[in-house]
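Presented below is the structure to which this report refers.
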Amino acid sequence: MARKIVAGNWKMNHNLKEGLEVVQALEAYLLKIAPKNVETVIAPPFIHIAQAAEISKNTHLSIAGQDCSAQESGAFTGEVSAAMLKSAGAELVIIGHSERRQYFKETHAQLSAKVEQAWANNLLPIFCVGESLEDRKAGHHFKTVEDQISGALGKYDAAQLENLVIAYEPVWAIGTGETASGAQAQEMHAHIRSFIAQQHNATLADEISVLYGGSVKPANAEELFGQPDVDGGLIGGASLQADTFIELIKIGEAVL
């Protein structure tokens, strides 16, 4: 059974005070309900992680990094290593988000090295894949996602990939207000599982968590989370406010 996860990626939003207020509100809610069906995760900016992890340590809220370095340590000014994330209290890390691929030109080799650093430091990678609007219009969306998976993860075996979550985020739906329909999300998630089964085995394909991301909000979450191959969401803007993210957690609890 794949893990069910509702995760929020704050990106470069919230100063420290604002972010910790959201964490405290989430903590208060999660202490009351102790969700049983879904894991809840937030990925705040790096400067929030240690304090957010301390606040949430007795709840069902886990903290993720938004990225990590491909390097273990050294003279890499401005970088944050997987070991640093772990020491600050993170349990997961997002790798390969489309914004990292687009703006920072991250390659398959770099992303593979980041995955290895995450594993070496007992962090669960949330590995992002997704096609551009041009790819989808040209009918290349399945091939694009296959290439992203095989390019960065192709050298790893099924046992290693058991410790990884995939997040499908169509680039054309990230921060645009556009959202893949439930049918479109299901089609790609099913294709990802089929591809993993071909490359590895059906057990891994069934058990790996595949999240949907891209303008998820309370109005469309039930349709998206209700698809048979969708195991939750990687939420952007709707995770920035505690009340909205709590609504998504509630929907996840009910549907996933």
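The values are calculated or read from the model by the stated rules, or taken from the named source; none is laboratory data. Note that the structure is predicted; figures quoted are calculated from it, not measured. Positions of Cβ are generated from backbone atoms using ideal geometry, with glycine treated the same way; all protein chains shown enter the neighbour counts.
Summed over region 73-99, the residues that are assigned to a loop (DSSP other than H, G, I, E, B), polar (S, T, N, Q) and exposed (fewer than 14 other Cβ atoms within 10 Å of the Cβ) give a count of 2.
Tell me the helices (runs of 4 or more DSSP H) entirely within region 100-186 that contain at least 2 residues that are aliphatic (A, V, I, L, M), surrounded by 18 or more Cβ atoms within 10 Å (Cβ to Cβ) and touching a Pro at 6+ places or on another chain (Cβ under 7 Å).
In region 100-186, the matching helices (runs of 4 or more DSSP H) lie at 108-120.
Just one residue in the set LYS17, LYS36, LYS11 is at positive phi and not small (Gly, Ala, Ser); that residue is LYS11.
Selection within region 38-59: residues that are part of a loop (DSSP other than H, G, I, E, B) and in contact with an Asp or Glu (Cβ under 7 Å, 6 or more places away or on another chain). The member of this set that is farthest from ALA113 (Cα to Cα) is THR59.
If you filter region 1-58 down to residues that are within 14 Å of VAL93 (Cα to Cα) and polar (S, T, N, Q), you find that the one that is surrounded by the most Cβ atoms within 10 Å (Cβ to Cβ) is ASN9.
Across region 75-103, what is the total count of residues that are within 11 Å of LEU124 (Cα to Cα) and touching a helix residue (DSSP H, G or I) at 6+ places or on another chain (Cβ under 6 Å)? Counting residues in region 75-103 that are within 11 Å of LEU124 (Cα to Cα) and touching a helix residue (DSSP H, G or I) at 6+ places or on another chain (Cβ under 6 Å) gives 4.
So, ALA70, is that one part of a helix (DSSP H, G or I), among the small types (Gly, Ala, Ser) and surrounded by 13 or more Cβ atoms within 10 Å (Cβ to Cβ) or not? Against the criterion (part of a helix (DSSP H, G or I), among the small types (Gly, Ala, Ser) and surrounded by 13 or more Cβ atoms within 10 Å (Cβ to Cβ)), ALA70 does not qualify.
The residue that is farthest from ALA83 (Cα to Cα), counting only those in region 4-37 that are at pLDDT 95 or above and part of a loop (DSSP other than H, G, I, E, B), is LYS4. Looking only at region 118-133, decide whether some residue is among the small types (Gly, Ala, Ser), in contact (Cβ under 8 Å) with a residue 60 or more places away in the chain and farther than 30 Å from LYS57 by Cα. Yes, because at least one residue in region 118-133 is among the small types (Gly, Ala, Ser), in contact (Cβ under 8 Å) with a residue 60 or more places away in the chain and farther than 30 Å from LYS57 by Cα. Residue-level analysis places GLY65 among those that are within 30 Å of LEU204 (Cβ to Cβ), crowded, with 19+ Cβ neighbours inside 10 Å, of a type in the set (Gly, Ala, Ser) and at pLDDT 95 or above. Among the residues of region 217-253, the ones that are within 24 Å of ALA205 (Cα to Cα) and free of Cβ contacts under 8 Å to residues at least 40 places away in the same chain come to 3 in all.
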